[in-house]
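One structure below.
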Amino acid sequence: MKIYIVDTNIVFSAPMNTQSRIGQFLMQTDDGQVEFYAPTYLKREIERHLPKLVRLARLPEPAVREIIDLVYTKINFIDDAQIPISTYSAAARLVRDVDEFDVQFVALTQYMDEILWTGDRKLYRHLLKMGFDQVVTFEDILEELK
């Protein structure tokens, strides 16, 4: 079974186009084949960006919230407090030059020793450059599933 830590931009993309390949993958992948995890911080981050998401999705807020709630049913949330401070420190060093808001996702990835799935190309390239290879894009996932 594959396990992916999903970051905010993956969840953010689902209401934008529920028929997108990413949205379909999130919602229709067999639970026995793939599991998705995220830190509880993801929910706070989505709330912070909700007005922008509603505007970009061109849907009423209740519809966007309903889609987000459906996506959340596919994600196993890990309480941020479970991750040791030392893991956060290591993750902070990895993301400090790109986006400090990604520290929780990288920390959870390190804590679980799994793979971070991101749509943030800048973060993806930066992490690889830093020697952190536990990161994939959707294209990488599709290649792997062939």
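The values are calculated or read from the model by the stated rules, or taken from the named source; none is laboratory data. Quick caveat, the model's predicted, so the values are computed rather than measured. Methodologically, a virtual Cβ is constructed for each residue, glycine included, from the backbone with ideal geometry; neighbour enumeration extends over all protein chains shown.
Restricting the search to the stretch 36-58, which residues are closer than 18 Å to residue 118 by Cβ, crowded, with 17+ Cβ neighbours inside 10 Å and not aromatic (Phe, Trp, Tyr)? Scanning the stretch 36-58 gives 38, 39, 42, 45, 46, 53. Picking from residues in the stretch 59-90 that are of a type in the set (D, E, K, R) and assigned to a helix (DSSP H, G or I), the one that is surrounded by the fewest Cβ atoms within 10 Å (Cβ to Cβ) is 69.
Does residue 21 satisfy being farther than 20 Å from residue 137 by Cβ and out of contact with any Asp or Glu (no Cβ under 8 Å at 6 or more places or on another chain)?
Numbers: farther than 20 Å from residue 137 by Cβ: no; out of contact with any Asp or Glu (no Cβ under 8 Å at 6 or more places or on another chain): yes.
Considered against the rule, which asks whether it is farther than 20 Å from residue 137 by Cβ and out of contact with any Asp or Glu (no Cβ under 8 Å at 6 or more places or on another chain), residue 21 comes out as no.
If I filter the stretch 91-125 down to residues being of a type outside the set (Lys, Arg) and part of a loop (DSSP other than H, G, I, E, B), which single residue comes out as farthest from residue 36 (Cα to Cα)? Give the derivation first.
As a first pass, look at the stretch 91-125 and keep what is of a type outside the set (Lys, Arg): 91-92, 94-95, 97-120, 123-124.
With part of a loop (DSSP other than H, G, I, E, B) added as a condition, the list becomes 97-99, 113-114, 118-120.
Working: 97: 26, 98: 24, 99: 22, 113: 13, 114: 10, 118: 12, 119: 15, 120: 17 Å.
By that ranking, first place goes to 97.
The residues on offer are 128, 56, and the sole one that is among the aliphatic types (A, V, I, L, M), more than 15 Å from the chain's Cα centre (by Cα), modelled with pLDDT under 95 and not in a loop (DSSP other than H, G, I, E, B) is 56. Within the stretch 14-35, the set of residues being surrounded by fewer than 15 Cβ atoms within 10 Å (Cβ to Cβ), free of Cβ contacts under 8 Å to residues at least 60 places away in the same chain and more than 14 Å from residue 66 (Cα to Cα) comprises 19, 20, 24, 28, 30, 31, 32, 33. Residue under question is residue 35, and the condition is that it be within 25 Å of residue 111 (Cα to Cα) and assigned to a helix (DSSP H, G or I); does it hold? In short, no. Criterion first (closer than 20 Å to residue 1 by Cβ and assigned to a helix (DSSP H, G or I)) does residue 47 satisfy it? No; evaluated as a whole, the condition is false for this residue.
The set of residues in the stretch 1-31 being more than 24 Å from residue 106 (Cα to Cα) and not in a helix (DSSP H, G or I) consists of 17, 18, 19, 20, 30. Considered as a group, the residues in the stretch 3-16 that are among the polar types (S, T, N, Q) and touching a helix residue (DSSP H, G or I) at 6+ places or on another chain (Cβ under 6 Å) include one that is nearest to residue 55 (Cα to Cα), and that residue is 13.
Of the residues making up the stretch 96-136, those that are touching a helix residue (DSSP H, G or I) at 6+ places or on another chain (Cβ under 6 Å), of a type in the set (S, T, N, Q) and buried (at least 16 other Cβ atoms within 10 Å of the Cβ) are 104, 110, 118.
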